[in-house]
Amino acid sequence: QPPRPCEDYWWEWKHCRGLRHAFHHYYAHGELPACGRWRDDYEACRAWERDRAAAAQEALCESERARVLERQKYAPVWTLRKSPPPDWYLPLDQDKPN
């Protein structure tokens, strides 16, 4: 069974090709989005479901691994705290001059 339903890959591909997404992606990154990977994943998913093709299974799993690694590549902007600061219950010093 594929990692996701094949319809998820289809809808991601349709979303990626949409004008609104393309405009936002171009504005944020300076280039148009590459949507071919979603189409390839959809075709591999269908081949996996239909023919139980080992090559399609491996291609789809490799693409999902790459997607997870790409998401983990970026570190969070802020460091997460393990516990609250020691003086969290005190009032804020908004009235005091710096």
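Selection over segment 15-37 of residues that are within 16 Å of the chain's Cα centre (by Cα) and in a loop (DSSP other than H, G, I, E, B) gives a count of 3. Looking at the structure I just gave you, is A47 under 30 Å from Q1 (Cβ atoms), open to solvent by less than 100 Å² (accessible area, probe 1.4 Å) and not in a helix (DSSP H, G or I)? No; evaluated as a whole, the condition is false for this residue.
Inspect segment 69-76 for any residue being surrounded by 12 or more Cβ atoms within 10 Å (Cβ to Cβ), of a type outside the set (S, T, N, Q) and out of contact with any Gly (no Cβ under 7 Å at 6 or more places or on another chain) and give the result as yes or no. No, that holds for no residue.
Consider E12 carefully, then state whether it is surrounded by 11 or more Cβ atoms within 10 Å (Cβ to Cβ) and either under 18 Å from the mean Cα position of the chain (by Cα) or not charged (D, E, K, R) (or both). In short, yes.
The condition of being open to solvent by 90 Å² or more (accessible area, probe 1.4 Å), touching a Cys at 6+ places or on another chain (Cβ under 6 Å) and either free of Cβ contacts under 8 Å to residues at least 60 places away in the same chain or aliphatic (A, V, I, L, M) (or both) holds for only one of R17, R52, that being R17.
The values are calculated or read from the model by the stated rules, or taken from the named source; none is laboratory data. What you are looking at is a predicted structure, and each value in this text was computed from that prediction instead of being measured. Glycine gets a Cβ as well: all are built from the backbone with ideal geometry, and neighbour counts include every protein chain shown. Ligands, DNA and RNA are excluded from the accessible area calculation, which covers all protein heavy atoms including side chains. Shrake-Rupley method; radii C 1.70, N 1.55, O 1.52, S 1.80 Å.
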